[in-house]
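Q: Got a structure for you, written out below as structure tokens; questions coming shortly.
The values are calculated or read from the model by the stated rules, or taken from the named source; none is laboratory data. Predicted, not measured: the structure shown is a model, and the values here were computed from it. Positions of Cβ are generated from backbone atoms using ideal geometry, with glycine treated the same way; all protein chains shown enter the neighbour counts. Surface accessibility is based on the protein's heavy atoms, side chains included, excluding ligands, DNA and RNA. Shrake-Rupley method; radii C 1.70, N 1.55, O 1.52, S 1.80 Å.
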Amino acid sequence: LERQLLMQNQMRERQTAMQIAWTREFLKYFGTFFGLAAIGLTAGAIKKKNPGVLLPIVPLSFIFAYQYDMGYGTLLQRIKGEAENILDTQSALLEPPKGPLTFEELEKIRRSQSKFFIEK
């Protein structure tokens, strides 16, 4: 059991590391796109003398800020803290509908499904 717990923890850590690495890699591409878009939109706004052309920069900047916070900021620590808060103070939110699945319920479902397949 201890080895299984260690293995699950290692897998979770590796998945989290992969997620952070993916976010950092995505940020490189999106940062390049965002920079080019900002330059292009700024040039377009100056050329057309219409500041409304800059409007797409607003949602793009939110996406960029989120990705940066995820890859290099403290987003994961804040998420972890909020998850710990939910576990400590709002554990009722974590309960599945109709309560936890029991062995008897699982067997009842299995038997009903096996009868369903046998009758066909």
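Q: Just to be sure I understand the filter: pairs with C-beta atoms under 9 Å, separated by 6 or more residues or on different chains, first member in the stretch 47-74 and without any contact (Cβ under 8 Å) to a residue 24 or more places away in the chain, second member exposed (fewer than 11 other Cβ atoms within 10 Å of the Cβ). Which pairs pass?
A: VAL53/LYS47
Q: Within the stretch 61-105, which residues are within 25 Å of TYR29 (Cβ to Cβ) and of a type in the set (D, E, K, R)?
A: Residues satisfying the conditions are ASP69, ARG78.
Q: Sticking with this structure for a sec: Would you point out which residue out of LEU76, LEU5, LEU27 is open to solvent by 80 Å² or more (accessible area, probe 1.4 Å) and part of a helix (DSSP H, G or I)?
A: None of the others qualify; the one that does is LEU5.
Q: Those residues that are open to solvent by 50 Å² or more (accessible area, probe 1.4 Å) and either assigned to a helix (DSSP H, G or I) or of a type in the set (A, V, I, L, M) (or both), I need them from the stretch 34-50; list them, please.
A: LEU36, ILE39, THR42, ALA43, ILE46, LYS47, LYS48
Q: Okay, next question. Considering only residues that are open to solvent by 60 Å² or more (accessible area, probe 1.4 Å) and part of a helix (DSSP H, G or I), look in the stretch 55-73 and name the one that is farthest from THR23 (Cα to Cα).
A: Among those that are open to solvent by 60 Å² or more (accessible area, probe 1.4 Å) and part of a helix (DSSP H, G or I), it is VAL58.
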